[in-house]
Amino acid sequence: MSENIENGAGTGDRPEQPDRPDRPARPAFERGTGFLLARLGSLTTRSWTAFLGEHRLTQSQYAALVALQQHGPAGQRRLAELVAVDARNLVPVLDQLAARHLVERRPHETDRRRRVVTLTEEGRALVAAVAATAGAEQDRFLSALDAPDREHLNRLLRRLYEAHVDQGGSA
């Protein structure tokens with residue numbers, strides 16, 4: 001049976017012809033949509049993490065900065081909702097951002113127990129710098145696709161994403 005799976009038999013398709021004649025065909029399991037999504041998710045996460053690391057940021061830190069840029073000042077609980085993390089887990093993220101003078105935490109105007117997080121000028125500048133170079137990183141990662149293929153892939157991925165988010169799946 002493993003021989004059948006390796007050559008594509010029993011998977012509903014014939015062995016794939018390689019896109020590049022200098023490379024052998026991939027085994028059937030490497031052509032499955034679930035495998036490809038998972039593997040590419042892992043590769044893009046690794047690439048994005050390295051890219052953010054060049055700016056001394058983690059994904060959580062960048063998400064918080066972008067949320068503040070898009071939504072303006074926010075309470076810590078609201079910011080945690082915006083970036084989909086537990087409010088307790090956001091505190092160390094904000095501590096690190098505040099230490100770099102990228103955000104400020106101030107007491108709420110009417111409730112001194114609450115803190116409002118704002119993006120500083122340094123934070124705005126860093127978000128702009130990352131955004132300006134993120135396109136080049138994306139182009140590098142997607143270099144195997146031409147512009148129409150990239151647009152088509154993005155439309156398909158957005159449709160899948162929205163379908164799962166609308167069903168209450170975690171994003």
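What follows is calculated from the coordinates using simple rules that are stated; it is not laboratory data. Being a predicted model, the structure only gives us computed values, none of them experimental. Counting neighbours? That spans all protein chains shown, and the Cβs are built from the backbone with ideal geometry, glycine included.
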Would you tally the net charge around Arg105, using a Cβ to Cβ cut-off of less than 11 Å, leaving Arg105 out, and scoring K and R as +1, D and E as -1? +1
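Relative contact order for the range 56-122: what percent, with Cα pairs under 8 Å and sequence separation of 6 or more?
Relative contact order comes out at 35 percent.
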List, in order, the whole-Hz ³J(HN,Hα) value for each residue of the range 101-113 obtained from phi through the Karplus relation with A = 6.51, B = -1.76, C = 1.60 and θ = phi - 60°; use x for Gly and Pro. 6, 8, 9, 10, 10, 10, x, 5, 4, 10, 10, 5, 6
For the range 33-57 and the range 68-116, what is the centre-to-centre distance using only Cα atoms, to the nearest Å? 26
